[in-house]
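Below: the structure, in structure tokens.
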Amino acid sequence: MSIQIIIADDQNLVRMGICSLLKLRDDIDIVAELDDGSQVLSALQQYKSALLLLDIRMPKMNGLQVLQAMQTRGLTTPTLVLTTFDEHDLMLECARFGAKGYLRKDVRLADLHQAVDALISGETWFQPGITVSLVKNGDFSKQTVMLPEPLSKGEVQVLRLAASGYNNAEIAQALFKSDGTIRNLMSTSLAKLQVRDRTRAVLKAIELGLI
């Protein structure tokens, strides 16, 4: 069975480029190409099993507004947000409203296919470069859910990088900290989130809007 994909981006060249990469796979079917956010909801009703690639900035309805409308209507379509490096706050808001991952608009073939496979499998996927940028520039002062003991800035940083597939050594290198410090931050994160492994920690943190 083919993977149905809807792509919404008002930049024709970007949309065409991503579609051309997707079409290199025989198991992918581009069922809708849209150039503004107001067209997305009707397409999702028509193609209920599709994966959505959604630009953040579009006319009529931006990506965040689309995600908010999807949440209101109970639409749970797996969604990858198409983004650039200068939209950190909006990207985080998109995650809180259900986006399952981020892709840069100049995405490489391997990253694009990995992201599609991850979301189809019910997982999340965050392009590493974007995640590092979010870690360095994101606002850690607000958490949408109150835990008995809130996550620290360092714990949020570690979880965000873990969400993109970084191991402890890679997280340590990205944050300029020792391996032992990263292990400790991950351990305290697990305790605060009341889970037993890093995968469940990442999923719970995303679900609660903490990363």
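Using the Cα centre as the reference, give the magnitude of the dipole from point charges on the C-beta atoms of the chain (Lys, Arg: +1; Asp, Glu: -1; all else neutral), rounded to the nearest 20 debye. Present the calculation step by step, with values, prior to reporting the outcome.
Working: 23 positive and 24 negative charges, 122 e Å.
That gives the chain a dipole magnitude of about 580 debye.
Taking DSSP loops as anything outside H, G, I, E and B, show the longest stretch in the chain free of chymotrypsin sites (Phe, Trp or Tyr not before Pro) there with at most 14 other beta carbons within 10 Å. Walk me through the numbers before you get to the answer.
On the way: sites that count: PHE85, PHE176.
It works out to 86-175.
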* Does anyone have the angle between helix 153-163 and the longest principal axis of the chain? Alpha-carbon axes, 0 to 90°, nearest 10? -> 50
* Asked: Which value in deg cm²/dmol, rounded to the nearest 500, describes the helix-derived mean residue ellipticity at 222 nm for the chain, given -39,500 (n - 2.57) per DSSP H run of n ≥ 4 and division by the residue count?
  -> -14500 deg cm²/dmol
* Prolate/oblate/rounded label for the stretch 140-207 (Cα gyration tensor, a/c 1.5) -> prolate
* Structure fact -> So the number of lysine pairs in the chain with alpha-carbon atoms under 26 angstrom apart, 8 or more residues apart or on different chains, is 29
* To do: Could you point to the label whose value was computed as semi-axes √(5λ) of the Cα gyration tensor in Å for the structure here, given (1) 25, 24, 14; (2) 30, 18, 15; (3) 33, 18, 15?
  => (2)
* To do: Identify the residues of the stretch 42-56 with backbone N under 19 Å of a label point that sits 7 angstrom from the Cα of ARG25 along the Cα-to-Cβ direction, or state none.
  => 47-55
* Asked: Taking the Cα centre of the stretch 1-45 as the origin, how large is its charge dipole in debye, to the nearest 20, when only Lys and Arg (+1) and Asp and Glu (-1) carry charge on their Cβ atoms?
  -> 120
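All of the numbers you see were taken from the coordinates with simple rules; none came from a lab. Here the structure is a predicted model, which is why all the values come from computation and not from measurement. No Cβ is skipped: glycine too gets one built from the backbone with ideal geometry, and neighbour counts run over all protein chains shown.
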